[in-house]
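To keep things clear, I will list the structure first and then write my remarks on it.
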Amino acid sequence: MAPSNGSPYVRRIDAARERLRAAALDALVVTHLPNVRYLTGFSGTAGLVVLTQERCLLVVDFRYATAARDVLERSPAGVTLEVAPRSYDEALVEVIRRLDLARIGVEAAWMPVARFNRVSQMLAAAGDVHLAGDSSIPILAPTERLIESGRLVKDAHEVARLREAARRLSAVARSARLFVRAGLTEQEVAGEVEAALRRAGFERPAFETIVASGPNGALPHARPGPRTLSEGEGVVLDFGGVYDGYCVDLTRTIGLGPWPPGLRRVFDAVAEAHAAAIAAVKPGVLPGRIDAAARDVLERHGLGEAFGHGTGHGLGLEVHEEPRIGRPVTGIPETPVQPGMVFTIEPGAYVPGLGGVRIEDDVLVTPTGCEVLTNVPVEL
Ligand code: GLY
Ligand code: MN
Ligand code: MN
């Protein structure tokens, strides 16, 4: 079937081909499954793509042959299906030899060294016999971010999904008081939240739901445990869902009855930091500036040391992806924020013995500022 120009996959594959050209590669082997999905729409738990200037081959195994064929028929983008008769590595080597590829990029962040060595050895072993012309052996070249750099700015197809996902997540969050009740354990609350996510149409939670009550709130990534919630304490509720492949992520800190002494002040400071960071989001600004907007507020309130993580992270096919909204890191250049980026804003403050507060929303950068995709009162 001829590729349709309306398909987001055609545009994504074309853009990736340009980056291949710039990197002087004959091909890119895409093994990171979110990147495979981004290029082809295929969402199985195994598979790889071999992308060249002329072809885009999706290699799957027997378990996914029918599902992959269906996906490619529904979203035709000139992707050809290959079913690996035995192992993926053997299929990959066979494709590289058949297409006579010489310089083959691999995704260094997602290719174990053992696999890199194994495939290189298989190519070397096959080299003399099968390569046309000279006796050169195909080379695997480590690459970084060739697909991720395209995923950084969401296309219209992705924005539509993220917007709908955030709308659904907000509805679950607005009913959080139904689940966050004195007398329930953290584990029971997490179970109720995850059941509500499924009822709201999410295919699965985006990560293990965090319910951190009382002093446990001081642990930014606490696991829900057997502790029973009681009146007079704060509860950090951080949850997310995956909707049509796209991840959204939200946190509210809920006071059960009266706030414990001291925690209200922390709540107000975090709410101010959250608002300041959202106000700082606009095209051209560096992520470090957005982070500083939140951090400066917390420092002014004497809570600088209590905010030990970054202000946010990108959302998309993965719950933690680029861009990183944090303090600049030596050696990693910052990319200015651009329209179409989607990321969280989630400052927090954690005070051992007292508890913690985090407030998290998801924003889409627009030409003039940002749209807050999640729509939930800061205080529930
Ligand atoms: N719970 C993961 C996050 O908010 O980033
Ligand atoms: Mn979260
Ligand atoms: Mn988050």
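The values are calculated or read from the model by the stated rules, or taken from the named source; none is laboratory data. Not measured: the values here are computed from a predicted model. For neighbour counting, all protein chains shown are included, and Cβ atoms are generated from backbone atoms with ideal geometry for every residue, glycine included. The area values use the complete protein model at the heavy-atom level, side chains included, leaving out ligands, DNA and RNA. Shrake-Rupley method; radii C 1.70, N 1.55, O 1.52, S 1.80 Å.
Screening Arg300 with (1) under 15 Å from Ala275 (Cβ atoms); (2) touching a strand residue (DSSP E or B) at 6+ places or on another chain (Cβ under 8 Å) gives one miss only, at (2).
Residues in the range 330-371 that are among the β-branched types (Val, Ile, Thr), in a strand (DSSP E or B) and away from ligand 1 (no atom under 16 Å from the Cβ): 2 in all. Here the condition is being in contact with a Lys or Arg (Cβ under 8 Å, 6 or more places away or on another chain) and under 30 Å from Gly234 (Cα atoms); of Pro377, Pro352, it holds for Pro377 alone. Of the residues Gly316, Gly257, the single one that is surrounded by 22 or more Cβ atoms within 10 Å (Cβ to Cβ), of a type outside the set (A, V, I, L, M, F, W, C) and under 30 Å from Arg199 (Cα atoms) is Gly316. Within the range 321-347, restricting attention to residues that are of a type in the set (Asp, Glu) and within 16 Å of ligand 2 (Cβ to nearest atom), which residue is nearest to the chain's Cα centre (by Cα)? Among those that are of a type in the set (Asp, Glu) and within 16 Å of ligand 2 (Cβ to nearest atom), it is Glu321. Answer with yes or no whether Val211 is within 16 Å of ligand 1 (Cβ to nearest atom), in contact (Cβ under 8 Å) with a residue 40 or more places away in the chain and not in a helix (DSSP H, G or I). No: the conditions fail for Val211. Among the residues making up the range 225-244, those that are part of a strand (DSSP E or B), farther than 12 Å from Pro215 by Cβ and away from ligand 1 (no atom under 16 Å from the Cβ) are Thr228, Tyr243.
Has the range 129-137 got at least one residue that is open to solvent by less than 50 Å² (accessible area, probe 1.4 Å) and either part of a strand (DSSP E or B) or at pLDDT below 95 (or both)? Yes: the range 129-137 contains one or more residues that are open to solvent by less than 50 Å² (accessible area, probe 1.4 Å) and either part of a strand (DSSP E or B) or at pLDDT below 95 (or both). Residues in the range 223-238 that are within 24 Å of Leu169 (Cα to Cα) and surrounded by fewer than 20 Cβ atoms within 10 Å (Cβ to Cβ): Arg223, Gly225. Being touching a Cys at 6+ places or on another chain (Cβ under 8 Å) and open to solvent by 20 Å² or more (accessible area, probe 1.4 Å) is a property that Val79 has. Scanning the range 231-251 for residues that are closer than 30 Å to Asp155 by Cβ, within 13 Å of ligand 3 (Cβ to nearest atom) and not β-branched (Val, Ile, Thr) gives Asp238, Phe239, Gly240, Gly241, Cys247, Asp249, Leu250. Regarding the range 249-262, can at least one residue be identified that is assigned to a loop (DSSP other than H, G, I, E, B), within 16 Å of ligand 1 (Cβ to nearest atom) and within 24 Å of Pro377 (Cβ to Cβ)? Checked the range 249-262: no residue is assigned to a loop (DSSP other than H, G, I, E, B), within 16 Å of ligand 1 (Cβ to nearest atom) and within 24 Å of Pro377 (Cβ to Cβ).
Of all residues in the range 282-291, those satisfying the criterion of being touching a residue at least 12 places away in the same chain (Cβ under 8 Å) and more than 15 Å from ligand 3 (Cβ to nearest atom) are Lys282, Pro283, Gly284, Val285, Leu286, Gly288. Restricting Gly353, Gly314, Gly308 to those that are touching a helix residue (DSSP H, G or I) at 6+ places or on another chain (Cβ under 7 Å) and either within 11 Å of ligand 3 (Cβ to nearest atom) or among the small types (Gly, Ala, Ser) (or both) reduces the list to Gly353.
The residues of the range 188-198 that are open to solvent by 50 Å² or more (accessible area, probe 1.4 Å) and within 25 Å of the chain's Cα centre (by Cα), listed by number, are Glu192, Glu194, Arg198.
Conditions tested, residue by residue: (1) in contact (Cβ under 8 Å) with a residue 40 or more places away in the chain; (2) over 22 Å from the mean Cα position of the chain (by Cα).
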site	(1), (2)
Ala102	yes, yes
Met111	yes, no
Leu123	no, yes
Arg177	yes, yes
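Here is a yes/no grid of residues against (1) within 21 Å of Val357 (Cα to Cα); (2) not charged (D, E, K, R):
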site: Ser170; (1), (2): yes, yes
site: Arg174; (1), (2): yes, no
site: Leu178; (1), (2): yes, yes
site: Ala182; (1), (2): yes, yes
site: Glu186; (1), (2): yes, no
site: Glu203; (1), (2): no, no
site: Thr209; (1), (2): yes, yes
site: Gly217; (1), (2): yes, yes
site: Glu231; (1), (2): yes, no
